[in-house]
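S.K.: I am attaching a structure below and will ask some questions about it afterwards.
The values are calculated or read from the model by the stated rules, or taken from the named source; none is laboratory data. Note that this is a predicted model, so its numbers are computed, not measured. Cβ: placed from backbone, ideal geometry, glycine included. Neighbour counts: every protein chain shown.
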Amino acid sequence: MIETKGIVHFTISVTDPDRSEAFYRTVLGLETVQKVPAIGMVFMRAGGDFVILTRSKTPIDPNPGDEFMVHHAFQVDVDRYEDAKRHLADCGVEIIFEEERHEGVFHGRQCYFHDPDRNVLEIIGLEKIGEGFGASALSDDFSPFSKSPGA
């Protein structure tokens with residue numbers, strides 16, 4: 001068996017690496033590590049983690065409409081969550097869903113929004129890592145997103 005030690009990076013498909021780099025830098029505060037224009041890649045850092053924005057040769061549409069199940073989550077300090085939401089609004093970013101979850105795996109306040117290519121991003125004021133949803137909650141129609149914020 002392979003014993004992985006963590007995640008080095010994940011890649012987000014984009015249509016315009018320069019536009020997306022500006023968005024991720026301005027809106028999420030990521031730091032540009034290196035740009036490789038010839039292949040359409042921008043390496044960025046969020047704390048000790050890395051994201052690669054990569055020009056896609058195929059259409060980007062991971063979620064129909066305002067669905068958000070396929071997304072990438074970025075952690076913010078719990079006491080800075082409201083500041084982060086205000087920053088999103090100041091940048092003209094519309095929140096498509098918000099909740100405060102105290103069950104499941106990731107506990108805390110979280111909101112979801114689109115990047116310029118409609119990739120869904122999340123910011124979360126992560127309070128703790130939980131133990132997941134109980135087996136009784138996992139019926140065929142179960143959704144952790146079926147409750148209103150703060151419920």
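S.K.: Search the stretch 118-138 for residues that are more than 29 Å from Leu88 (Cα to Cα) and pair each with any residue that is at pLDDT below 80 and assigned to a loop (DSSP other than H, G, I, E, B) when their beta-carbon atoms are under 8 Å apart and the residues are at least 6 apart or on different chains.
M.R.: Note: pairs meeting the criteria are Phe133/Phe142; Phe133/Pro144.
S.K.: If you don't mind, another one. With the checklist (1) outside the structural domain of Leu121 (by TED's automatic domain parsing); (2) of a type in the set (D, E, K, R); (3) in a helix (DSSP H, G or I) in hand, flag the one item Lys85 doesn't pass.
M.R.: For Lys85, the failing item is (1).
S.K.: Could we say that Tyr24 is assigned by TED's automatic domain parsing to the domain that holds Gly130 and crowded, with 17+ Cβ neighbours inside 10 Å here?
M.R.: Criteria not met by Tyr24.
S.K.: Can you pull out the residues in the stretch 48-69 that are surrounded by fewer than 16 Cβ atoms within 10 Å (Cβ to Cβ), under 17 Å from Gly6 (Cα atoms) and touching a residue at least 12 places away in the same chain (Cβ under 8 Å)?
M.R.: Asp49
S.K.: Now for a different question. Determine whether the stretch 102-117 contains at least one residue that is assigned to a helix (DSSP H, G or I), under 20 Å from Ala22 (Cβ atoms) and touching a strand residue (DSSP E or B) at 6+ places or on another chain (Cβ under 9 Å).
M.R.: Looking for residues that are assigned to a helix (DSSP H, G or I), under 20 Å from Ala22 (Cβ atoms) and touching a strand residue (DSSP E or B) at 6+ places or on another chain (Cβ under 9 Å), one finds none in the stretch 102-117, hence no.
S.K.: While we're on this one: Among residues belonging to the stretch 27-47 that are under 26 Å from Ile95 (Cβ atoms) and loosely packed, with under 13 Cβ neighbours inside 10 Å, point out the one that is modelled with the lowest pLDDT.
M.R.: It comes out as Gly47.
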